[in-house]
């Protein structure tokens, strides 16, 4: 089936929503032992960008056990660009800067096209859809970029003493499935990630289960 048309219909449906309510659950295991879990119930108003969240996390890593629970409300900044570059400001951008930005955009396009090409779209007998992405269907250079992105994300968002587990990932495999109903609403996104981290002393297996479900 036409996966571009399916993605278009999903995005169009999402843009028509006034609010999004969902549940994010994450569990990370190291050598079959749970070291981190997260549960986040959230509601986002798509018009005001106001978010309500109920967050619960557990960390059991290197002899440290931490549990945190809490509610939060915040408004996400709505990005927009105003104003124009003056001629003087424009001429201060040197050729290398422009070339770097251009190459960066090309790299992002190549990444997006590789992911799109690897996506598998299936229509079920009941009229629902499944979009699947398997790491085995991606080029090696894209998998390297993904490992780099995970390491950067972990460095900024993961608990400080846990982020080092993503620094030396050598192998990364994952399977992601997006379940879409007849109305082109995403009901659930489920991902399983397995990786191997190697250093001079030892080798460890890391596994993560991620599930994002929505209530429409």
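Looking only at the stretch 184-216, which residues are part of a strand (DSSP E or B) and over 30 Å from residue 123 (Cβ atoms)? Within the stretch 184-216, 195, 196, 197, 198, 203, 204, 205, 206, 207 meet the criteria.
Within the stretch 50-70, residues that are on the phi < 0 side of the Ramachandran plot and in contact (Cβ under 8 Å) with a residue 24 or more places away in the chain sit with their Cβ atoms under 7 Å from residues that are outside any strand (DSSP E or B) and surrounded by 14 or more Cβ atoms within 10 Å (Cβ to Cβ), at 6+ positions apart or across chains, in these pairs: 59/159; 59/162; 61/162.
Tally up the residues in the stretch 16-43 that are over 23 Å from residue 63 (Cβ atoms), surrounded by fewer than 16 Cβ atoms within 10 Å (Cβ to Cβ) and in contact (Cβ under 8 Å) with a residue 24 or more places away in the chain, please. Summing the residues that are over 23 Å from residue 63 (Cβ atoms), surrounded by fewer than 16 Cβ atoms within 10 Å (Cβ to Cβ) and in contact (Cβ under 8 Å) with a residue 24 or more places away in the chain in the stretch 16-43 gives 6. Note on the stretch 87-157: enclosed helices (runs of 4 or more DSSP H) holding 2 or more residues that are modelled with pLDDT under 70 and surrounded by 15 or more Cβ atoms within 10 Å (Cβ to Cβ) are 140-157.
The values are calculated or read from the model by the stated rules, or taken from the named source; none is laboratory data. On a predicted model such as this, the values are computed, not experimentally measured, just so you know. Because the Cβ atoms are built from the backbone with ideal geometry, glycine has one as well, and the counts that use them run over all protein chains shown.
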